[in-house]
Amino acid sequence: MSDEATRRMPHSAEYFGAERDYFWNADYLDLLFGRLGLPQPAAILDVGCGEGHWARLIARRLSPSSSVTGVDREAVHLAAFERGLATTETAGLSVSTLQASAYDIPAPSATFDLVTCQTLLLHLREPAKALGEMKRLVKLGGQILCVEPNNLVGRLPISSLMSVMPVDEVVRLSEFALRYVIGRARRGLGDETIGESLPGLLAEAGLQDIRVWLCDRAAAVFPPYDTAEQAALLDAGRRWRREGLGPFDKAEMRSCVLAGEGSEAFFERAWADYLRLDDRIAEAAANGRWHTAGGTLFYVAAGRRGP
Ligand SMILES: C[S@@+](CC[C@H](N)C(=O)[O-])C[C@H]1O[C@@H](n2cnc3c(N)ncnc32)[C@H](O)[C@@H]1O
């Protein structure tokens, strides 16, 4: 994801493919929302709502007369959010949007029963400031629910291919991932490991009854790759490579690795390894020899606004 000056497309648009429909197991969400024990009807605010992938899942677990408000700075995402929520099978649900920064949301204090975000904080220079704004907006006794990853795990070159790769290459690719993640945060583009900081951030925001869980869905890919989910995951990788987006945005990766104190020479060498690994994955997948459990760590953390 590029910064403000160089971004070619709406924020995160490259991550709104079919693969995003497979983040959750429905029965896990039933369990999670049972644990939260929201009042019904409930007023929900989804910050950094994007096209509404997260809000749609929440909406299905609300009683009629509940309301869902999406906040995002991208108008194009908000339009998709409204279209998507309109088809959610929740009769009587009130849906609205606000185009705003997560740091400054034009809504009255203490308005919502639940203020939530999914994969927003990892993109922010100042996640604590956004959490402060989320806390302002939640009612006394209401809850904040954040879902954020540690993406470093998935960036490490760990799969069925690791054992046949030269060790130097595995080490260089691991260093590449670390320098990228550290450099991205230093550039103010956000911390991809922010899931690890969620409990502390919620505590520092003054929230109470903090609870932390993990999403129980794994993004596994294994032969014969014959499920819709696996096709979506493999397609996403091919699309990003073909279009030079996301993990294959070379300029973006380069500037982050350099900000992570990697040299130009290191970057070029590791980038060649990175493309070679992707080629190896494609070849092994074509022959039914590539597999991974997914390497995802997706944290779920909730806290209550006390008196
Ligand atoms: C990875 S997407 C997540 C979208 C949605 N929560 C989901 O899980 O599908 C991140 C979203 O945050 C929005 N965003 C990024 N920075 C923002 C900011 N400073 N204020 C408001 N929205 C922001 C982006 O436009 C994008 O829609």
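The values are calculated or read from the model by the stated rules, or taken from the named source; none is laboratory data. Just so we're clear, the structure is a prediction, and the values are computed from it rather than from any experiment. All Cβ positions, even for glycine, are placed from backbone atoms using ideal geometry, and neighbour counts span all protein chains on display. For the accessible areas, the whole protein counts, side chains as well, though only heavy atoms, and no ligand, DNA or RNA atoms are used. Shrake-Rupley method; radii C 1.70, N 1.55, O 1.52, S 1.80 Å.
Some notes on this structure:
- Around residue 211: net Lys/Arg minus Asp/Glu count, Cβ-Cβ under 13 Å: +1
- To the nearest ten degrees, helix 250-259 and the longest principal axis of the Cα atoms of the chain are 90 degrees apart.
- Other residues lying with their Cβ under 12 Å from the Cβ of residue 110 contribute a combined charge of +3, Lys and Arg counting +1, Asp and Glu -1.
- Placing a label point 7 Å from the Cα of residue 63 along the Cα-to-Cβ direction, the residues of segment 19-40 whose backbone N falls under 12 Å from that point are 38-40.
- With all protein chains modelled, accessible area of residue 240 [1.4 Å, Å²]: 40 Å²
- Net charge, residue 290 excluded, C-beta distance under 12 Å - Lys, Arg +1, Asp, Glu -1: -1
- For the chain, relative contact order (Cα pairs under 8 Å, six or more residues apart, normalised by length) works out to 21 percent.
- Among the protein heavy atoms, those of residue 139 account for about 70 Å² of accessible surface (1.4 Å probe, every chain in place).
- Computing FRET efficiency as 1/(1 + (r/R0)^6) for residue 187 and residue 291, where r is the C-beta to C-beta distance and R0 is 30 Å, gives about 0.35.
- Per-residue extension of 0.36 nm, minus the Cα-Cα distance of residue 98 and residue 156, leaves a gain of 17.2 nm for this segment.
- Hull volume per residue, based on the alpha-carbon atoms of the chain and their convex hull, is 127 Å³.
- Candidates 183, 260, 34: whichever shows maximal mean-square fluctuation once the chain is modelled as a Gaussian network with Cα springs under 10 Å: 34
- Diffusion constant of segment 184-251 at 37 °C, which comes from Stokes-Einstein with the Kirkwood Cα-pair radius and 0.692 mPa s, µm²/s: 212 µm²/s
- Heavy atoms of residue 209 accessible to a 1.4 Å probe, total area in Å² rounded to 10: 100 Å²
- Computed lengthening from residue 75 to residue 276, 0.36 nm per intervening residue step minus Cα-Cα distance: 68.6 nm
- Rounded to the nearest 10 degrees, the angle from helix 127-137 to the longest Cα principal axis of the chain is 20 degrees.
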